[in-house]
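Okay, structure first, notes after.
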Amino acid sequence: MKTLQGIPLDYYLWLSAALFTIGVLGVLFRRNAIVIFMCIELMLNAVNLLLVAFSNYYSDASGQVFVFFIMAVAAAEVAVGLAILMLMYRNTKTTDINILNRLKW
Amino acid sequence: MTFTNNLFYFLSFVAVLSALMVVLSKNPVHSVLYLIITFFAIAGHYVLLNAQFLAAVHVIVYAGAIMVLFLYVIMLLNLNQESEAHKSTLMKLAATISAGLLLVVLIGSIRGSEQLMVQPQQVEVGSVKDMGRVLFKEFLLPFEISSVLLLVAMIGAVMLGKNEEEGKNAS
């Protein structure tokens, strides 16, 4: 149950679980839409880390290729998401999700 | 062996601590800077896991491109500590309890899962050469499609960011 470097795979599972939970906590905890967006990035990275750990454990490069694609999708997501947030800010002058909850202005 | 273990503990500590600071810091700019520290720690983990190519891509894409984009938007919108809205204490408590419960569920499912019994082969998979071989043989079609995805995202961002007068005329 160890990766090639001698670190147990369990440790990576726990670290990823902790990072993912902190991301969920941030989404529930904050009201600023941009910070919520950053916490979603944090969750994506927790999953990426786990994929790389398993890829190393199985000596299979497919997992790392998946991480590569997740990065491409994350970049696209951030570009479009931030553009939408900018548009919302232009109309409502805020990034507070409690004011954005009606999805209209 | 102990050195890699110590490095793992150090990087994990930095990653978790700065991830917590992302959530807890009042100023959005500080959140971005702590998130960059987290990403560097995760890149260190990638190096530790023999995924050098991914570590480089991670630093370039996340710390170099995505976080700069976040920082630009936050500075463009002039968000700071004063304009920051906060949830009520009750909501914060509920959020913390929900996240804690999720952590308990995750840890319980990890501990309850069966041990994987795979004999790891000593094969290098993380170098640019091996990654390129897999990426351009098995995953050639997804790779090309992801380029279309990036193009679509670029067009979408430009469309959304267009001037308001033109948008009104078009709709």
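Residues in the range A:90-105 that are crowded, with 18+ Cβ neighbours inside 10 Å and at the interface with chain B (Cβ under 9 Å from one of its Cβ atoms): A:Thr94, A:Thr95.
The single condition from (1) in contact (Cβ under 8 Å) with a residue 40 or more places away in the chain; (2) part of a helix (DSSP H, G or I) that A:Glu77 fails is (1). Can you find a residue that is touching a Cys at 6+ places or on another chain (Cβ under 6 Å) and modelled with pLDDT under 95 anywhere in the range A:58-76? The answer is no, given that none of the residues of the range A:58-76 is touching a Cys at 6+ places or on another chain (Cβ under 6 Å) and modelled with pLDDT under 95. Could you grab me the full set of residues in the range B:80-105 that are more than 7 Å from every other protein chain (Cβ to nearest Cβ), modelled with pLDDT under 90 and surrounded by 12 or more Cβ atoms within 10 Å (Cβ to Cβ)? Residues satisfying the conditions are B:Asn80, B:Ser83, B:Met91.
Taken together, the residues in the range A:1-29 that are of a type outside the set (Gly, Ala, Ser), within 7 Å of chain B (Cβ to nearest Cβ) and under 27 Å from A:Leu87 (Cα atoms) amount to 4. Residues in the range B:38-76 that are within 7 Å of another protein chain (Cβ to nearest Cβ), more than 17 Å from A:Met43 (Cβ to Cβ) and of a type in the set (A, V, I, L, M, F, W, C): 9 in all. For the range A:32-59, filtering for residues that are free of Cβ contacts under 8 Å to residues at least 40 places away in the same chain, at the interface with another protein chain (Cβ under 9 Å from one of its Cβ atoms) and buried (at least 20 other Cβ atoms within 10 Å of the Cβ) leaves 11. A count restricted to the range B:38-87 and to residues that are in contact with a Leu (Cβ under 8 Å, 6 or more places away or on another chain) and among the small types (Gly, Ala, Ser) stands at 2. In the range A:7-17, is there at least one residue being charged (D, E, K, R) and either outside any helix (DSSP H, G or I) or touching a Phe, Trp or Tyr at 6+ places or on another chain (Cβ under 7 Å) (or both)? No: the range A:7-17 contains no residue that is charged (D, E, K, R) and either outside any helix (DSSP H, G or I) or touching a Phe, Trp or Tyr at 6+ places or on another chain (Cβ under 7 Å) (or both). Residue count for the range B:106-128 satisfying the condition of being more than 18 Å from A:Asp10 (Cα to Cα), facing another protein chain (nearest Cβ under 7 Å) and either at pLDDT 85 or above or under 25 Å from the mean Cα position of the chain (by Cα) (or both): 2.
If I filter the range A:60-74 for residues that are assigned to a helix (DSSP H, G or I), without any contact (Cβ under 8 Å) to a residue 60 or more places away in the chain and farther than 25 Å from B:Asn50 by Cα, do I get at least one hit?
No: zero hits.
Taking the criterion of being within 7 Å of chain A (Cβ to nearest Cβ) and closer than 26 Å to A:Ile34 by Cβ, the residues of the range B:12-31 that qualify are B:Ala15, B:Val16, B:Ala19, B:Leu20, B:Val22, B:Val23, B:Pro28, B:Ser31.
Among the conditions (1) more than 7 Å from chain B (Cβ to nearest Cβ); (2) under 16 Å from B:Val73 (Cβ atoms); (3) not hydroxyl-bearing (Ser, Thr, Tyr), A:Phe66 misses just one, which is (2).
Regarding A:Leu87, is this residue at the interface with chain B (Cβ under 7 Å from one of its Cβ atoms), surrounded by fewer than 19 Cβ atoms within 10 Å (Cβ to Cβ) and farther than 30 Å from B:Met131 by Cα?
Yes, satisfied.
The values are calculated or read from the model by the stated rules, or taken from the named source; none is laboratory data. The model shown is predicted, which means the values in this text are computed figures rather than measured ones. As a convention, Cβ positions derive from the backbone with ideal geometry for all residues, glycine included, and neighbour counts pool all protein chains shown.
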